[in-house]
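Q: So that we are looking at the same thing, I have put the structure below in structure tokens.
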Amino acid sequence: MQYKKLGSSELMVSECCLGTMTFGEQNTEKEGHEQMDYALSKGVNFFDTAELYSIPPKPETQGSTERIIGTWLKSRQNRNKVVIASKICGRTNANWYRPNNEFPRVTPAQIDYAIEQSLKRLQTDYIDLYQIHWPDRLLDNFGANIYRPMADDYVAFETQLEAMQKHIQKGNIRHIGLSNETAWGMMKFAQVAKDFNLPKVVSIQNAYHLLNRQFEPYLAEISVREEIGLLAYSPLAQGYLTGKYLNGARPEGARSTLFNRGQRYETAPAETMIRKYIELATKFNMHPVTLALKFCATRSFMNSVIIGATNMDQLKLAISAFDTNWSKELEDEVNELHNSCPNPCP
């Protein structure tokens, strides 16, 4: 397992990060503990969660993933061996995250509350990386491919960073990250941190995979020049890059079978490109999972690739992908396919 510095921070994180959003929904506490034990044994020192999880979001399971990580940390007594990343919800009309049915916003009071609750569930004194799950601004996000002007109403960037700074000074969190953020948002956070002498963000967690390379080229340049490392989520395009959903298949227990939330991956161009990437993997004697994950890991702007699994066979295959070689010939062929149909699944 290789390790990289997380953005401009001092943290060294494994190039494979264990995503845990299935814990408490598709995975039991025991299964979650087994996954974390195995990942750590293979050199994965980076775990990602959120106050929102598990997925799909609902009141009954909100916070369950952090609680499962918390019982693991308490039973294993190994907090110093892992880097824990969590997130505060962005602006939403879902009313079960805050007391008195208040809608989540990234305000100082809500940052205080969210961090306090996450620390309790995680049974730890600090969170290594605390991320804003999606912006406080009104945006079309999660699959949008066009820009639509909306009301210019949001918590000021300096207000968000000032609230985070207080928790860094208290020792509750160590570093700040973004998620599902735009190029403008990245630059505003970077500039405001400089202008007001506030903590800079060190990472951005956005979707990135063979079917969605929209992080390139503009966000990627910001990432490199501002030292804001990418943490790629959904590197298997919610499992569609494995080929298991081709021809309308719905395997028992699979995410889209259970929750029917994968419509962006079910278009004709998407299916065509999935088939082509699977054929490319076969040509190079690789599993499609290995091709997809190793592609992400080899990007110059990548800090860590967030994997997820609902069983141990999936987890073992995913982690093993990071030990695979990546050749110039493979790089060229991947880019040729990408250029033939760029980003069919934003």
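Q: Treat the count of other C-beta atoms within 10 Å as a stand-in for reagent exposure and order Tyr97, Tyr240, Tyr113 from fewest to most. Kindly include the intermediate steps, with their values, before the conclusion.
A: Values: Tyr97 22, Tyr240 26, Tyr113 18.
With the sparsest Cβ surroundings first, the list reads Tyr113, Tyr97, Tyr240.
Q: Stretched out fully, how many nm does the piece from Glu60 to Tyr38 gain, at 0.36 nm a residue minus the Cα gap? Each step should come with its number before you reach the end.
A: Values: separation 22, 0.36 × 22 = 7.92 nm, distance 2.78 nm.
Stretched out fully, the Glu60 to Tyr38 stretch lengthens by 5.1 nm.
Q: Which peptide among 204-212, 188-196 comes first, and what is the full order, when sorted by highest mean count of other Cβ atoms within 10 Å? Provide the component values of the computation, followed by the final result.
A: Working: 204-212: 25.3, 188-196: 16.1.
Highest to lowest by the protection proxy: 204-212, 188-196.
Q: I need the peptides 16-29, 35-48, 165-178, 331-344 ranked by packing, meaning the mean over residues of other C-beta atoms within 10 angstrom, with the highest value on top. Before the final figure, lay out each step's value.
A: Numbers: 16-29: 22.6, 35-48: 20.6, 165-178: 19.0, 331-344: 14.0.
Taking the mean over residues of other Cβ atoms within 10 Å, the ranking is 16-29, 35-48, 165-178, 331-344.
Q: Kindly provide the Kirkwood hydrodynamic radius of the range 172-216 in Å, to one decimal, from all pairs of distinct alpha carbon atoms.
A: By the Kirkwood definition, the hydrodynamic radius is 11.7 Å.
Q: Shifting gears a bit: Let me see the pair-distance distribution of the range 140-276: every alpha carbon pair, 10 Å bin width, integer percents in order.
A: Spelled out bin by bin, the range 140-276 gives 10, 33, 29, 19, 9, 0 percent.
Q: Determine the gain in length on full extension of the stretch Phe142-Trp96; use 0.36 nm per residue of separation and subtract their C-alpha separation, reporting nm with one decimal.
A: On the way: separation 46, 0.36 × 46 = 16.56 nm, distance 2.07 nm.
Result for the pair: 14.5 nm of gain on full extension.
Q: Divide by every residue of the chain the summed helix terms, -39500 (n - 2.57) for each DSSP H run of at least 4, and state the resulting mean residue ellipticity at 222 nm, rounded to the nearest 500 deg cm²/dmol.
A: Values: 11 runs with 129 residues, N = 346.
Helix-only estimate at 222 nm: -11500 deg cm²/dmol.
Q: Divide, for the range 79-211, the radius of gyration over alpha carbons by 2.2 N^0.38 Å, where N is the residue count. Each step should come with its number before you reach the end.
A: Numbers: Rg = 14.9 Å, N = 133, 2.2 N^0.38 = 14.1 Å.
Normalised Cα radius of gyration, the range 79-211: 1.05.
Q: Going down the list Lys30/Lys74; Lys4/Lys42; Lys120/Lys200; Lys166/Lys188, which pairs span over 24 Å between their C-alpha atoms?
A: Working: Lys30/Lys74 14 Å; Lys4/Lys42 16 Å; Lys120/Lys200 26 Å; Lys166/Lys188 20 Å.
In this structure, Lys120/Lys200 lie more than 24 Å apart at Cα.
Q: Please work out how much length the chain gains when fully extended from Phe103 to Ser340, using 0.36 nm per residue of separation minus the C-alpha to C-alpha distance, in nm with one decimal. The partial results should precede the final answer.
A: Values: separation 237, 0.36 × 237 = 85.32 nm, distance 4.26 nm.
Working it through step by step, the gained length comes to 81.1 nm.
Q: In addition: Report the far tail of the P(r) of the range 1-149, meaning the percent of Cα-Cα pairs longer than 21 Å.
A: Numbers: 5129 of 11026 pairs.
Considering the range 1-149, 47 percent of its Cα-Cα pairs are separated by more than 21 Å.
Q: Mind sorting Phe301, Phe259 by how few other Cβ atoms lie within 10 Å of their own Cβ, fewest first?
A: Going from least to most buried by this count: Phe259, Phe301.
Q: How many times 2.2 N^0.38 Å is the alpha carbon radius of gyration of the chain?
A: Values: Rg = 19.2 Å, N = 346, 2.2 N^0.38 = 20.3 Å.
Ratio of Rg to 2.2 N^0.38 Å for the chain: 0.95.
Q: Further question: When the Karplus curve 6.51 cos²θ - 1.76 cosθ + 1.60 is applied with θ = phi - 60°, which whole-Hz ³J(HN,Hα) does each residue of the range 150-157 get, with x for Gly and Pro?
A: 9, 4, 8, 9, 7, 5, 4, 4
Q: Once you have a ≥ b ≥ c as the square roots of the Cα gyration tensor eigenvalues for the range 253-346, tell me rounded if a/c is under 1.5, and otherwise prolate or oblate according to whether a/b is larger than b/c. Could you put the intermediate results ahead of the total?
A: Working: a/c = 1.66, a/b = 1.10, b/c = 1.51.
Since a/c reaches 1.5 but b/c is at least a/b, the shape of the range 253-346 is classed as oblate.
Q: I'd like the orientation of helix 268-283 relative to the chain: the angle between its Cα long axis and the longest Cα principal axis, in ° from 0 to 90, rounded to 10.
A: Roughly 70 degrees between the two axes.
Q: Roughly how tilted is helix 183-195, in degrees to the nearest 10 and between 0 and 90, from the longest Cα axis of the chain?
A: With rounding to tens, the tilt is 40 degrees.
Where a number appears in this text, it was derived from the coordinates with a stated rule and is not lab data. Quick caveat: nothing in here was measured; it's all calculated off a predicted structure. Positions of Cβ are generated from backbone atoms using ideal geometry, with glycine treated the same way; all protein chains shown enter the neighbour counts.
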